[in-house]
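Following: one structure in structure tokens, then a few remarks.
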Amino acid sequence: MKTTVLTALIMIALIGTGAAQVPQSSTTALVSVKQLTRNVSRKQAAQLINTANTPEEHRELAQYFRQEAQRKRDKEQYYLEIVATYRLHPPRVDVYRNVPTADLYVHLADEAADAALADDRRAFLEDRFAEGLSTPK
């Protein structure tokens, strides 16, 4: 009888704690989305790449590529954190493989870093296009 009552009280406390945390995280997400400038979706960026004629469109593309570069740097950081975890605590499956799991994530982190660098270069190029179109000849 005591365990049933105790279990019910613990479940109520867990549900109440979870419900209290949900509004905080959703309001934080709404605030951060409102603070961002106009975001260009992947589909809109693909269309702008082919049709950009004005400096504003090139600046929007540059902003899109900067956001993509940041997203890829975040992904690289995530992979490096996984590498650190796997090096501290290697999974058992690594004993049976020739290559450690951490090496896979090192490779993925390198790819993400290369992709972020490419996006940074593309953003720079789009900024140069915008400057070239805005100056009178």
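The values are calculated or read from the model by the stated rules, or taken from the named source; none is laboratory data. Quick caveat, the model's predicted, so the values are computed rather than measured. Please note: Cβ atoms are built from the backbone with ideal geometry, for glycine as well, and neighbour counts cover all protein chains shown.
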Can you pull out every residue in the range 104-123 that is surrounded by fewer than 13 Cβ atoms within 10 Å (Cβ to Cβ) and either at pLDDT below 95 or more than 19 Å from the chain's Cα centre (by Cα) (or both)?
none
Those residues that are in a helix (DSSP H, G or I) and within 18 Å of R87 (Cβ to Cβ), I need them from the range 98-111; list them, please.
T101, A102, D103, L104, Y105, V106, H107, L108, A109, D110
Collect the residues in the range 47-62 that are of a type in the set (G, A, S) and in a loop (DSSP other than H, G, I, E, B), keeping them in residue-number order.
A52
Looking across the range 39-91 at residues that are in contact with an Asp or Glu (Cβ under 7 Å, 6 or more places away or on another chain) and at pLDDT below 90, the single one that is farthest from R128 (Cα to Cα) is V40
In this structure, does Y96 turn out to be surrounded by 14 or more Cβ atoms within 10 Å (Cβ to Cβ) and either more than 18 Å from V40 (Cβ to Cβ) or touching a helix residue (DSSP H, G or I) at 6+ places or on another chain (Cβ under 6 Å) (or both)?
no
Could you tell me which of the residues S32, S26 is in a helix (DSSP H, G or I), at pLDDT below 75 and within 15 Å of the chain's Cα centre (by Cα)?
S32
Inspect all residues belonging to the range 112-135 and state whether any of them is of a type in the set (S, T, N, Q) and farther than 22 Å from A52 by Cβ.
no
